[in-house]
Amino acid sequence: MRFVARRTYVLLVVIFAAWLSGSTSIGMAQEVVVKGKVIDPGGAPLPDVNVTLLDPATGMKFGLKTKKDGKFLKFGLPTGTYKIKLELEGYLPFESEIRVDFGEAEELQLTLEKIPPKISEDPDLAEGLKHFQAGDFAKAIEFFEKGSAKFPDSVEVNYDLGVSYLRSGRVDEAVTRLRKALALNPKFVEAYFALGECHFAKGETQEAVDAFSRALEIQPDNAQVHYNMGIIYYRNDKMDEA
């Protein structure tokens, strides 16, 4: 009897161990690890980033934060497709979709971009405008150029810098800036007007007429453009057209 009892005990232990091992392997096959690192555009790690993983199929949501080294790690996720969202104050939110499968987890490398400053709040542009209004165009150019480095594709900044160059006698540089402003906004009447002035100052009559004519196509009742066109025709002995 003692021998039978001992064999029964051993048998129960083996069965329990096998069941435990089987349940663990099943769990491992269904749950995986997600790991990643969040950096800024310069490659520096970003700590305290809010990381959210959402399973659209089930509605399950998992939240965590990045460590000092910018890394995050989440164990025990069911396999599937997840939406990942990154949020950090001062940075643009990031959203993407990732596929999580069983196997060796690869580290995600994710980059957050800083929220660009608002043009209306930029101190260099505000200072440049102050000097422009005071007629100090050289000083205005100094600050507008700083603003242009931060907002290279701003129509207004390129226009302001172009007009400042024009008023300072730096006509070729003015033409470059005004053409860029017009490339960004082909219906910017004031830029065509200033461009016409540039060509007129350089003695390029036809180019000036072309620029003023383009302005009139957009704004036919612009009295100042009509006046400038009249001056050009008058100086070129085209009184009928003037």
Applying the selection to region 51-103, what residues are hydroxyl-bearing (Ser, Thr, Tyr), surrounded by 14 or more Cβ atoms within 10 Å (Cβ to Cβ) and part of a loop (DSSP other than H, G, I, E, B)? Thr66, Thr79
Pick from region 108-140 the residues that are among the small types (Gly, Ala, Ser) and out of contact with any Ser or Thr (no Cβ under 8 Å at 6 or more places or on another chain): which of them is surrounded by the most Cβ atoms within 10 Å (Cβ to Cβ)? Ala126
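Could you tell me whether Pro117 is part of a loop (DSSP other than H, G, I, E, B) and within 30 Å of Asp69 (Cβ to Cβ)?
yes
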Report yes if some residue within region 107-130 is within 29 Å of Gly43 (Cα to Cα), more than 24 Å from the chain's Cα centre (by Cα) and touching a residue at least 12 places away in the same chain (Cβ under 8 Å); otherwise report no. yes
Go through (1) within 24 Å of Val32 (Cβ to Cβ); (2) acidic (Asp, Glu); (3) free of Cβ contacts under 8 Å to residues at least 24 places away in the same chain and name the single condition Asp101 misses. (3)
Where the second residue is in a loop (DSSP other than H, G, I, E, B) and of a type in the set (Val, Ile, Thr) and the first is over 13 Å from Ile84 (Cα atoms) and at pLDDT 95 or above and lies in region 46-71, which pairs have Cβ atoms under 6 Å and are six or more apart or on separate chains? Pro47/Thr66; Thr66/Val49
Checked Leu216, Leu182 against criteria (of a type outside the set (Gly, Ala, Ser), within 29 Å of the chain's Cα centre (by Cα) and assigned by TED's automatic domain parsing to the domain that holds Ser164); the one match is Leu182
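The values are calculated or read from the model by the stated rules, or taken from the named source; none is laboratory data. Quantities reported herein were computed from a predicted structural model and do not represent experimental measurements. Cβ atoms come from the backbone with ideal geometry, glycine included; neighbour counts cover every protein chain shown.
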